[in-house]
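The values are calculated or read from the model by the stated rules, or taken from the named source; none is laboratory data. Note that the coordinates shown come from a computational prediction; the quantities given were computed from them, not determined experimentally. Quick reminder, even Gly has a Cβ in these numbers, built from the backbone with ideal geometry, and neighbours come from all protein chains shown.
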Amino acid sequence: MMKYLVLLLIFMLSGCFDDPSELNAFIAKVHEDTSNQIAPMPAVPKFNHFDYSAQSKRSPFVAPKPEAIQEKLQQMTGCLSPDPRRRKQPLEKYSLADLSMRGTLGELGITWALVQASDDSLHRVAVGGYMGLYNGRITGVSQESVTLIELIPDGAGCWIERESVVSIVESEG
């Protein structure tokens, strides 16, 4: 076994005594093709000083003063807006396209609509309840549809009312 190891070692070391003339020729060619010159740096443009003259205005890096926030809220108090303190109802996390009316229930003059959500959950709603993403307040329930008034943002901080209807869907098969 030792004999084979010595033979393998001699075989491996024989590669170290090869002719390096080819390597020396390549190194000489690279030295000839490479220049020692470095391109000069580009000229630095002259700096034009700009005088910041907005010291009287609020810095964008500092939080606004509470008075400024209150003024903005007072400007929008005359507008129609949803009640932010009202607790959201389960059907307000679905768009109206994801809700479908499946039927009605009635007792002692009260009519409820059965509304199915996109996750196949069934909910009972009545006049005064809410559904849809835009604070849709239910104003009417009939055998054929649920009528609601949604509050749609107008982009200027106020809201406008829009009437929507969710109609009954006939069951398949």
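Key figures for this structure:
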| item | result |
| --- | --- |
| Of residues in the stretch 97-130 being out of contact with any strand residue (DSSP E or B) (no Cβ under 6 Å at 6 or more places or on another chain) and within 13 Å of VAL166 (Cα to Cα), the one surrounded by the fewest Cβ atoms within 10 Å (Cβ to Cβ) | ALA97 |
| Wholly within the stretch 116-160, strands (runs of 3 or more DSSP E) carrying at least 3 residues that are touching a residue at least 40 places away in the same chain (Cβ under 8 Å) | 145-153 |
| Matching option when the condition is in contact with a His (Cβ under 6 Å, 6 or more places away or on another chain) and either at pLDDT 90 or above or charged (D, E, K, R) (or both), among VAL125, VAL165, VAL115 | VAL115 |
| Residues (of a type outside the set (Val, Ile, Thr) and without any contact (Cβ under 8 Å) to a residue 60 or more places away in the chain) located in the stretch 96-115 | ALA97, ASP98, LEU105, GLY106, GLU107, LEU108, GLY109, TRP112, ALA113, LEU114 |
